[in-house]
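K.L.:
I have a structure I would like to understand better, so I am pasting it below and will then ask my questions one at a time.
The values are calculated or read from the model by the stated rules, or taken from the named source; none is laboratory data. All values reported here derive from a predicted model rather than from experimental measurement. Cβ placement follows ideal geometry from the backbone for every residue including glycine, while neighbour counts extend to all protein chains displayed. Please note that ligands, DNA and RNA were not included when accessible areas were found on the heavy atoms of the full protein model with its side chains. Shrake-Rupley method; radii C 1.70, N 1.55, O 1.52, S 1.80 Å.
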Amino acid sequence: MNVIVVKNAEEISKVAYEKMVKAFEGKAEFTLGLATGGSPLGIYELFRIHKPEVSNVITVNLDEYVGLAEDDQTSYHTYMAEQLFNHLNFKENHLPNGNTKNLEEACKNYEELLQKHPVDLQLLGIGENGHIAFNEPGTPFDTPTHIVELTESTRNANKIYFENEEDVPTHAVTMGIGSIMRAKEIILVASGIKKAEAVKEMLNGKLDINCPATALQNHNNVTIVVDEEAYSLC
Ligand code: GLP
């Protein structure tokens, strides 16, 4: 894995943004995998400021909570609309459907979409417990898009986005590790001391389903962009 260590979150965003734009500019069509959470916010801000040409770019997001309406303030549909999709004219934008009675079918449909539009570049964050997308510890490395029960640690980390702790959904639909690994290129961003343990495991730990991010050791085109704090245990 290619590792780039920079000073702070602002610099991570700059490096990741520039790599992403360079990857899709001038391409006839490009599928860009996007992530949510706090880590990509600075990257999306740069998209809003610089407004690169994205009419050739199809976006596919990693995950969505189960049971939230698309226009719910806390859904990832709303997050993406506010951060990015309302500001730039992408060719298409896709997220998994977490608000349906037939979640199995929603997973199948999303996998079909990913087969039709193989991801050229996937942006990832990392959870404090080493999860990628919503693939919690214990997820086999070959899983396709699936339904997950969120761990206490993940619900706890994400409760800042909700008014009440009990509003944090218990389940999500997420691209699987198998789906993520099919991306031709991956950029993972992580900042701050809270991510240091997970970053250390991802880079130096044994391949282990208890740290989903270790799966990335098997990918041949991954760049990890971290700040000094996140890298401090390596
Ligand atoms: C969330 C998301 C992930 C994200 C991770 C880290 O649960 N499902 O896609 O990468 O946790 O989030 P943050 O960037 O807010 O630390």
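K.L.:
Rg and Dmax of the stretch 124-234, Cα atoms, in Å?
P.N.:
Here Rg and the maximum Cα pair distance are 13.7, 41 Å.
K.L.:
Given the whole protein assembly as supplied and a 1.4 Å probe, what does the accessible area of residue 160 come to in Å², nearest 10?
P.N.:
Residue 160 exposes around 130 Å² with every protein chain in place.
K.L.:
Further, regarding this structure: Suppose all protein chains stay in the model; what accessible area per residue would a 1.4 Å probe give for the chain, in Å²? Intermediate results must be reported in sequence, preceding the final value.
P.N.:
Numbers: 10850 Å² over 234 residues.
Normalised by residue count, the accessible surface of the chain is 46 Å².
K.L.:
Run the accessible area of the chain with a 1.4 Å probe and give the carbon-and-sulfur part as a rounded percent.
P.N.:
Details: 5020 of 10850 Å².
Of the solvent-accessible surface of the chain, carbon and sulfur hold 46 percent.
K.L.:
Rg to Rh ratio, the chain, alpha-carbon atoms and Kirkwood radius?
P.N.:
Values: Rg = 16.3 Å, Rh = 17.6 Å.
In the chain, Rg relative to Rh is 0.93.
K.L.:
Please report, in whole Å³, the volume per residue of the convex hull around the C-alpha atoms of the stretch 166-223. Walk me through the numbers on the way to the answer.
P.N.:
Working: hull volume 7.2 nm³, N = 58.
So the per-residue hull volume is 124 Å³.
K.L.:
Something else: Percent antiparallel among DSSP beta bridges with both residues in the stretch 1-160, to the nearest 5? Kindly include the intermediate steps, with their values, before the conclusion.
P.N.:
Working: 1 of 11 bridges.
In the stretch 1-160, DSSP labels about 10 percent of beta bridges as antiparallel.
K.L.:
Between residue 3 and residues 5 or more places away or on another chain, which pairs have amide H atoms under 5 Å apart, with H built 1.01 Å from N, and which residues are they?
P.N.:
Those lying under 5 Å, H to H, from residue 3 are 224.
K.L.:
Tell me, what is the FRET efficiency for residue 147 and residue 228 to the nearest 0.05, using R0 = 41 angstrom and their Cβ-Cβ distance as r?
P.N.:
According to the calculation, E is roughly 0.65.
K.L.:
Would you mind getting me the FRET efficiency between residue 69 and residue 184? Use the beta-carbon distance for r and R0 = 30 Å, nearest 0.05.
P.N.:
Here the calculated transfer efficiency is 0.35.
K.L.:
Separate question: Using R₀ = 41 Å, calculate the FRET efficiency as 1/(1 + (r/R₀)^6) where r is the Cβ-Cβ separation of residue 165 and residue 28; round to 0.05.
P.N.:
It comes out at approximately 0.30.
K.L.:
Across the stretch 78-206, how many lysine pairs, 8 or more apart or on two chains, come within less than 30 Å at their alpha-carbon atoms?
P.N.:
Close lysine pairs under the 30 Å cut-off: 19.
K.L.:
Then there is this: Taking the alpha-carbon set of the stretch 85-162, what are its Rg and Dmax in Å?
P.N.:
Both quantities, over Cα of the stretch 85-162: 14.3, 38 Å.
K.L.:
While we're looking at this one, here's another question. Given the stretch 1-112, report the % of alpha carbon pairs whose separation exceeds 22 Å.
P.N.:
Within the stretch 1-112, distances greater than 22 Å cover 38 percent of Cα pairs.
K.L.:
Counting helices only, and only those DSSP H runs with n ≥ 4, report the 222 nm mean residue ellipticity of the chain as the sum of -39,500 (n - 2.57) divided by its residues, in deg cm²/dmol to the nearest 500.
P.N.:
Here the helix-only value at 222 nm equals -8000 deg cm²/dmol.
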